[in-house]
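Just below is one structure, and these are the notes that go with it.
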Amino acid sequence: MLLEKIDSIMRNISESKDNINFYLMIYGCLAGANSMFTLARAFLFAFGGIQAAQVLHKKLLASILNAPVSFFDTTPLGRIVNRFSSDVNSIDDSLPFILNIFLAQGFGIFGTIIITCYGLPWFALLLIPLGLLYYKIQHYYRYTSREIKRISSVTLSPIYAHFSESINGLSTIRAMRATERFTRENLQRLDLNQRAQFANKAAARWLDFRLQMLGVAMVTGVSFIAVLEHHFRSADPGLVGLAISYSLSITGLLGGVVMSFTETEKQLVSVERAEQYINNVPHENWTGILFPPSYWPIQGSFSFHQVYMKYRDGLPNALDGVTFDTEPCEKIGIVGRTGSGKSSLFLVLFRMVEIQHGEVMIDGINLQHLDLIDVRSRIAIIPQDPFLFSGTVRDNLDPTNSFTDNSLWTAIIRCHLDTVVTGLGGLNADVAERGKYFSVGQRQLLCLARATLTKAKVLCIDEATASVDHETDTLIQATIREEFKDSTVLTIAHRINTVMDSDRVLVMDQGKVAEFNSPSVLLEDRQSLFYQMVHGRN
Ligand code: ATP
Ligand code: MG
């Protein structure tokens, strides 16, 4: 009898041991699968996120680099920089991170609900009203929170603007003893932003409170159902325990899902903003139908025929029926009042702005039919506001690395820049951001040195007003005459004496060619605009 009892106890123990092993194995498998899927999700997010961010960035960059000049005229630089800094940062970094959290928490809550329903099937009934309530609460919160965040970022820019203005104008503020006024102004702007921030926090607390209540309702519901089931003796204590312990974590998960969803939505706005630029920014038409030989242009003669150009729709014509022809290797001086359309002539030559009507030809080839790269690489320009890229003198003189040091130095010496470049430390000296270490006149000289290197057949010079002193100017003129004697040179001059020895002078007036003749002929006519300019009556 005793032996039988011992035997049955031993059998029970070994059965329950088998059971425990079985459950432990399932538990282990679940943990293993969980780790594997978490790892897979992390990898997918890392690779997918980088891939998506790369594609978006490439497309965004391509659309900005191919945008026409009119786009940059109408778009503030800050807006473009914002796309490439804060929006790209959101796409690269914040979006994958928060989307990952949202998915994890979304699935977490899904699993919790399924387990609770498995433990206590009656709980499914309770889910319907609670789900509706949850939907209403999060819907209300998301819209409010989005608007508050918008207000908060709108009130942030004035603080930055005022702060940087104050830093820049610090000496003036101190000199005028206006420190207190500026501090007050700064505090007012901060206050305005704080109000939005406070509303943001209050909204978050509002949501938190409601979600806590919802969580409490769920746990109460689950416990109530458990008591009822126990009453009707249909409950499995293990499953009820499981359901209650899972339902306890629901409160945190509910809040997490709403927060991460709202944040994901907010970060997705950056993708929308990037897409907006990718799809809506117009592209310059790069490809042409004619491909001139590498030695084009040979003669460098121009022909403008009835050229009409305006910068944008709604603006008056900057060039209004310009017609003139030049001979090969002619030296043309372009003069005219400020805003008369002189620089616009060059922009049209380089097809920076497309013309509305007419033809611009070099050596008989219409520029409209060429590849943009051909047009821009065969003509040399010294712009009114020359731009140097940060880097060394060498990078700016010879970006493609195709000339020897000797030829670079020859060009520098010819343009009278040797003292400056040697002073900075030679060809490998840094020119600093935007060429800060050079004055505007020196930057123009560097552009001239670049033009002498390429031996361009056509040279356009847009003289910067009073950037170069008289003596240097005379030296430069001599260099240009010497180096470009076999090229066509168009010089926009603000000093009349620069154009006095040109072959012909083109006088621009309100976008039209007013006069085009040799300086001596124009000077004979006392009524001519050129005569009046020379004698200071205009
Ligand atoms: P300056 O002697 O001052 O250099 P300019 O003769 O070179 O003057 P342009 O720069 O050709 O004058 O300008 C001609 C006209 O076109 C002006 O009325 C000017 O307001 C307008 N304009 C020039 N650039 C732009 C632009 N980017 N967008 C819109 N209008 C422009
Ligand atoms: Mg100009």
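The values are calculated or read from the model by the stated rules, or taken from the named source; none is laboratory data. Computed from a predicted model, the values in this text were never measured in an experiment. When we count neighbours, we look across all protein chains shown, and the Cβ atoms used for this are built from the backbone with ideal geometry, even at glycine. Each accessible area value is taken on the protein alone, full model and side chains, heavy atoms only, with ligands, DNA and RNA left out. Shrake-Rupley method; radii C 1.70, N 1.55, O 1.52, S 1.80 Å.
With +1 assigned to the C-beta of every Lys and Arg and -1 to the C-beta of every Asp and Glu, and no other charges, what is the dipole magnitude of the chain about the Cα centre in debye, to the nearest 20? Walk me through the numbers before you get to the answer.
Details: 48 positive and 52 negative charges, 390 e Å.
In total the dipole reaches around 1880 debye.
Across the options 491, 373, 361, the greatest Cα extent toward the positive end of the charge dipole of the range 302-534 (unit charges at beta carbon of Lys, Arg, Asp, Glu) belongs to 373.
Residue-wise HN-Hα couplings along the range 370-376, as the Karplus relation 6.51 cos²θ - 1.76 cosθ + 1.60 with θ = phi - 60° gives them from phi, are 9, 5, 4, 5, 5, 4, 7 Hz; Gly and Pro carry x. Placing dummy labels 7 Å off each Cα toward the beta-carbon, the span from residue 410 to residue 171 is 4.5 nm. Projecting the Cα atoms of 56, 133, 289 onto the charge dipole of the chain, computed from C-beta unit charges around the Cα centre, puts 133 farthest toward the positive end. For the range 302-534, which whole percent of the accessible surface, found with a 1.4 angstrom probe, sits on carbon and sulfur atoms? Roughly 50 percent of what the probe reaches on the range 302-534 is carbon or sulfur.
Probe radius 1.4 Å, ligands and nucleic acids ignored: give me the carbon and sulfur share of the accessible area of the range 2-280 as a rounded percent. Please list the in-between numbers first.
Values: 12510 of 18690 Å².
Summing carbon and sulfur atoms, their accessible area is 67 percent of the total for the range 2-280.
Contact order, relative form, for the range 2-280: 36 percent (alpha carbon pairs under 8 Å, 6 or more residues apart, mean separation divided by residue count).
Long hydrophobic helices in the chain, taken as whole DSSP H segments with a C-alpha length of 30 Å or more on their own axis and mean Kyte-Doolittle hydropathy at least -0.5: 2-65, 95-119, 123-154, 179-231, 250-280. Total lysine pairs in the range 302-534 at Cα distances under 21 Å, for residues eight or more apart or on different chains: 11. In the full protein context, the chain carries 58 Å² of accessible surface per residue, based on a 1.4 Å probe and ignoring ligands, DNA and RNA. Mind checking which of 317, 235, 303 is farthest towards the positive end of the range 200-329's charge dipole, using Cβ charges of +1 (Lys, Arg) and -1 (Asp, Glu) about the Cα centre? Selected residue: 235.
A protection proxy built from the mean count of other Cβ atoms within 10 Å ranks the segments 485-494, 243-252, most packed first, as 485-494, 243-252. The lysines whose alpha-carbon is closer than 24 Å to the alpha-carbon of residue 136, local same-chain residues fewer than 8 away aside, are 149, 201, 266.
Charging the Cβ of each Asp and Glu at -1 and of each Lys and Arg at +1, and nothing else, the dipole of the range 302-534 about its Cα centre rounds to 320 debye.
Given the -39500 (n - 2.57) contribution per DSSP H run of 4+ residues, what per-residue ellipticity at 222 nm results for the chain, rounded to the nearest 500 deg cm²/dmol?
Details: 20 runs with 330 residues, N = 538.
When only DSSP H runs of four or more count, the value is -20500 deg cm²/dmol.
Amide H contacts under 5 Å for residue 321: 307, 308, 309, restricted to partners 5 or more places along the chain or on a different chain, H placed in the peptide plane at 1.01 Å from N.
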